[in-house]
1. Being more than 19 Å from residue 186 (Cα to Cα), assigned by TED's automatic domain parsing to the domain that holds residue 173, under 21 Å from the mean Cα position of the chain (by Cα) and in a helix (DSSP H, G or I): is that true of residue 105 here?
2. Return the residues of region 109-159 that are assigned to a helix (DSSP H, G or I) and loosely packed, with under 13 Cβ neighbours inside 10 Å; say none if nothing qualifies.
3. Can you name the residue in region 292-348 that is assigned to a loop (DSSP other than H, G, I, E, B) and of a type in the set (Gly, Ala, Ser) and is also nearest to residue 274 (Cα to Cα) among such residues?
4. Could you tell me which residue of region 70-91 is nearest to residue 356 (Cα to Cα), considering only residues that are surrounded by 21 or more Cβ atoms within 10 Å (Cβ to Cβ) and of a type in the set (A, V, I, L, M, F, W, C)?
5. Output the number of the condition that residue 53 fails; it satisfies all remaining conditions of (1) of a type in the set (Gly, Ala, Ser); (2) touching a strand residue (DSSP E or B) at 6+ places or on another chain (Cβ under 7 Å); (3) at pLDDT below 90.
6. Of all residues in region 262-292 being in contact (Cβ under 8 Å) with a residue 40 or more places away in the chain and farther than 30 Å from residue 217 by Cα, which is surrounded by the most Cβ atoms within 10 Å (Cβ to Cβ)?
7. Just the residues that are charged (D, E, K, R) and modelled with pLDDT of 90 or more, please, taken from region 56-99.
8. Of the residues 209, 236, 216, which single one is assigned to a helix (DSSP H, G or I), more than 36 Å from the chain's Cα centre (by Cα) and over 30 Å from residue 69 (Cβ atoms)?
Amino acid sequence: MADGCTRAGARDPSGAADSIAAVKRIPAGLVAVVAVVALGALASACEVTPTAASVNGDTISVASLNDQMHALSASAAGACLLELRSGQAVTVENGGATYPTGFAGAVLSSEVGNLVAAQFAAAHGVHLTGADVATARNNYTSALDGRITSLVQQATAAGSLSACQKADGSAITGQQLLASLPASVRNSEIANQAVDNRLLARGADLSNAAVVNFYAANRPLFVIDCVSDIATASRADAEAVIAKLKAGQSFAAVATASSVDAQTAANGGQLGCNFTDSRVLSALQVSSVTVGQPVTPIQTSGGTWVVYEVTSQTVVPVAEAASVIRDDLLHTAANTKRVTTELLTYAHRATIVVNPQYGTWTGVRITPPASPPARYLEPSYVLPGSTGTTGTTGTTGTGASTSTGG
């Protein structure tokens with residue numbers, strides 16, 4: 001070409017969907033956008049290194065994509081982040097030279113979505129300040145805490161381990177996750193939330209009056225409960241426990257003496273003091289609880305009967321809850337749908353080109369290239385004296401692979 005630039009791939013503007021996978025907000029499954037400048041992923045349209053994809057002439061290099069894939073696949077923090085993005089454990093097998101095409105396509109889809117969102121934000125005058133980034137970091141850390149807790153609970157219920165758990169089985173915190181990520185990934189994740197908030201703020205009422213009204217209408221969200229339990233083998237045993245409690249015996253003493261759950265019995269039945277009243281009411285399927293009064297016994301899936309009690313409550317003042325409330329006001333369903341629609345519209349109108357080795361852009365994400373039919377592949381063979389099978393396809397055992405070279 002006369003300008004010395006080479007672009008590979010093809011744009012497919014026909015795809016339409018309700019959401020764009022590349023701009024999915026991790027903690028709540030909503031809109032996510034990122035300032036790609038923080039990634040260092042932008043380069044000129046005529047960069048020397050090969051291009052993985054481009055949006056309206058702004059490019060994502062193969063080198064930056066490789067760095068991103070390595071950062072996500074080579075550490076425990078990266079594995080946790082991948083699980084947060086997908087909602088399930090993600091295993092990436094690589095020998096340092098190849099990655100499964102599905103994984104490469106998913107990561108590149110995210111990068112393309114980030115670039116789409118960054119361009120959209122810039123076109124609407126969104127420029128991040130230090131305060132925006134600081135607020136986003138605090139909110140994102142809290143959101144990660146909640147999402148990680150949910151994933152760990154799901155894994156525990158399924159009898160497995162989450163990538164977001166430490167060796168001792170405890171969950172890592174959002175702060176620990178961010179601190180363990182490579183700086184480039186950490187900065188992009190935080191910038192992601194900051195731009196997200198700025199775009200969502202264009203259509204949200206974040207006034208003091210709106211905060212107070214939300215607080216008044218959702219009080220159970222801002223009441224923190226300390227919860228204890230006593231596990232028993234039968235309903236009759238549970239009723240006997242309630243009789244002792246109503247007779248005046250302390251919950252801790254009865255739990256220590258009667259609970260069949262040795263771990264909580266050793267702590268006087270204490271489960272912790274980090275439960276919102278809203279979460280407690282939902283879990284116990286009751287409309288209200290009285291501090292110091294046992295709740296009707298509940299049978300667990302394992303067959304035990306458990307007596308719960310809220311031992312104390314703390315009300316979070318509206319001033320302390322204001323930042324969390326504003327974040328909730330930002331992420332209402334209607335406001336999120338508005339920004340998602342805006343980003344989808346921008347993406348469909350954009351000129352998006354993808355290097356064919358990663359697949360094709362189908363309107364909302366990259367579809368990996370199909371593996372060639374078996375008849376076009378050279379037969380595998382065993383080298384003399386070896387026990388492994390050698391071939392020319394370079395697969396990882398989980399599907400076709402994409403070379404990181406370039």
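1. Working: more than 19 Å from residue 186 (Cα to Cα): yes; assigned by TED's automatic domain parsing to the domain that holds residue 173: yes; under 21 Å from the mean Cα position of the chain (by Cα): yes; in a helix (DSSP H, G or I): yes.
For residue 105, the condition - more than 19 Å from residue 186 (Cα to Cα), assigned by TED's automatic domain parsing to the domain that holds residue 173, under 21 Å from the mean Cα position of the chain (by Cα) and in a helix (DSSP H, G or I) - is met.
2. 123, 130, 131, 134, 146, 153, 157
3. Filtering region 292-348 for residues assigned to a loop (DSSP other than H, G, I, E, B) gives 292-293, 295-297, 300-304, 316-317, 331-332.
When the remaining residues are screened for being of a type in the set (Gly, Ala, Ser), the result is 292, 301-303.
Working: 292: 17, 301: 23, 302: 24, 303: 26 Å.
Selected residue: 292.
4. 72
5. (3)
6. 269
7. Here is the first cut: in region 56-99, the ones charged (D, E, K, R) are 58, 67, 83, 85, 93.
58, the sole residue that qualifies.
8. Every option except 236 fails the conditions.
The values are calculated or read from the model by the stated rules, or taken from the named source; none is laboratory data. Everything quoted here is computed from the prediction, not taken from an experiment. Using ideal geometry, Cβ is built from the backbone for each residue, glycine included, and neighbour counts are taken over all protein chains shown.
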